[in-house]
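As structure tokens, the structure follows; a few thoughts come after it.
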Amino acid sequence: MVADRKLWLAFVVAASVFGPAGSASSADLGRGVPLAEPAPPPSEWQFSLTPYGWLTGVNGSATARGHSVDFDASFIDLVEESDSILALMGFVEARKGRLALFTDAVWQDLNFDAHHTVDIGKRASGNPFEKFPNLNVSVKANLNLNAQAQMHYQATIIQSGAGYEVAKWSGNGSTTAVDVLAGARYWNEQTNLSLNVSGNLTADITGRARVSTADIVRLVLERRGLDFSSRKGKIVQRLIERRFGNQTQLIERTVQIEVSRALATSGTGDLEWVDPFVGARIRHEFGHNKDVMIEGDVGGFGAGSEFSWQLVGTYGFDVNVFGSTMHSVVGYRALAVDYSENGRYGRNGIDYLQHGPVIGAKFNW
């Protein structure tokens, strides 16, 4: 009995000690540990912004009111002549899966020298003095032309479109993808030509004439009313022949003529049009934060301009700037267009190639 009492007492003590703790623990487990709410899935859209500078050079021709000039200016020439070179240029792209939407904007204000070609190959033939067989005229002419042209070119070019990834493959830590592109390129251009063409024409005109003195006397008397068919006129005729006979004289005179002309033309006004375009792009990523992009497109097709094309190649890599990482972009870009229209005062247009290095920084989010 004593042993049973001791055993029962031990059970009661154990129950009184461990019972509350066990109950509290059961209550906690019943409520469960609160779980952190899952983070919302990241957006599938990926965005990038690339402000850049285009160290451009230009060559081609421009026409304002029917007057055409040729130009070929390097980037150094433009820096010396222009107010701005690297103004308002940027590229933005949004990508979701295989689809990409992009916009590229360029605004530029350029000044440079141009060259005007003057056609002086016109010739005339014939004898304007065929009614005067005794008259011989010779002309010695020298023409000097000096043409100076200054061109002010301002342009806004906005290209928007979409790309779709048609192929992608990976291997050895690199990824390559191919996009097809389509969209439209908006152009707004204004060209002002300051054209000064000065010419100096020096002409030495020498006239030689063999003149009969008797013929001159007869002509003077006829104009004064003498009728050589009359009896009196015949007497005068014999007197003239007796006095002058067949005497002739050689008359020679030289005249110099100088001509100069200056010509100034104004601008084309706003030339505005939209070109559809199609193209392709290759994207290759390799290593850590390094990529290469090659893009080309063609457009115009007579819908806006006669023809336009573009070719861009870039290399992107990370650099450390003041302790922060920045993705830099360097490359080369070429853009060409051939556009013309008939204006109120003549033909206006531009046919040029703009090309040069590209330097920028890319921001992704």
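Give me a count of the residues in the range 53-77 that are part of a strand (DSSP E or B) and among the charged types (D, E, K, R).
Of the residues in the range 53-77, 2 are part of a strand (DSSP E or B) and among the charged types (D, E, K, R).
For the range 277-297, how many residues are assigned to a strand (DSSP E or B) and farther than 18 Å from I158 by Cβ?
Result for the range 277-297: 13.
Filter the range 70-105 down to the residues that are at pLDDT below 90 and of a type in the set (V, I, T), then identify the one that is farthest from W187 (Cα to Cα).
Among residues in the range 70-105 that are at pLDDT below 90 and of a type in the set (V, I, T), the one farthest from W187 (Cα to Cα) is I76.
Please find, within the range 331-350, the residue that is farthest from the chain's Cα centre (by Cα) out of those that are more than 25 Å from M293 (Cα to Cα) and surrounded by 18 or more Cβ atoms within 10 Å (Cβ to Cβ).
N348
Examine the range 124-141 for a residue that is assigned to a loop (DSSP other than H, G, I, E, B), of a type in the set (A, V, I, L, M), over 33 Å from the mean Cα position of the chain (by Cα) and modelled with pLDDT under 70, and state whether such a residue exists.
Checked the range 124-141: at least one residue is assigned to a loop (DSSP other than H, G, I, E, B), of a type in the set (A, V, I, L, M), over 33 Å from the mean Cα position of the chain (by Cα) and modelled with pLDDT under 70.
Within the range 159-189, track down each residue that is without any contact (Cβ under 8 Å) to a residue 12 or more places away in the chain and in a strand (DSSP E or B).
A167, K168, W169, S170, G171
List the pairs whose first member sits in the range 314-341 and is more than 21 Å from G57 (Cα to Cα), whose second member is not in a strand (DSSP E or B), and whose Cβ atoms are under 7 Å apart, counting only residues at least 6 apart or on separate chains?
Correct list of pairs: F317/N289; D318/N289; H327/N289.
Find the residue count for the range 43-52, including only residues that are in a strand (DSSP E or B) and surrounded by fewer than 17 Cβ atoms within 10 Å (Cβ to Cβ).
Total meeting the criteria: 5.
Name, by its number, the condition in (1) farther than 30 Å from S68 by Cα; (2) at pLDDT below 75 that does not hold for L221.
(2)
Taking the criterion of being buried (at least 18 other Cβ atoms within 10 Å of the Cβ) and touching a strand residue (DSSP E or B) at 6+ places or on another chain (Cβ under 8 Å), would at least one residue in the range 165-176 satisfy it?
No, the range 165-176 contains no residue that is buried (at least 18 other Cβ atoms within 10 Å of the Cβ) and touching a strand residue (DSSP E or B) at 6+ places or on another chain (Cβ under 8 Å).
When you go through V298, V292, V330 one by one, which is the residue that is closer than 21 Å to R185 by Cβ and either at pLDDT 90 or above or not hydroxyl-bearing (S, T, Y) (or both)?
Every option except V298 fails the conditions.
To keep it simple, each residue is scored yes or no on (1) over 27 Å from Y186 (Cβ atoms); (2) β-branched (V, I, T); (3) part of a loop (DSSP other than H, G, I, E, B); (4) at pLDDT below 90.
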| site | (1), (2), (3), (4) |
| --- | --- |
| K234 | yes, no, no, yes |
| E258 | yes, no, no, yes |
| A262 | yes, no, yes, yes |
| L311 | no, no, no, no |
| T314 | no, yes, no, no |
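Among (1) modelled with pLDDT of 75 or more; (2) in a helix (DSSP H, G or I), there is one condition A214 misses while meeting the rest; what is its number?
For A214, the exception is condition (1).
The values are calculated or read from the model by the stated rules, or taken from the named source; none is laboratory data. Bear in mind that the values here come from a model prediction, so they are computed numbers and not experimental data. No Cβ is skipped: glycine too gets one built from the backbone with ideal geometry, and neighbour counts run over all protein chains shown.
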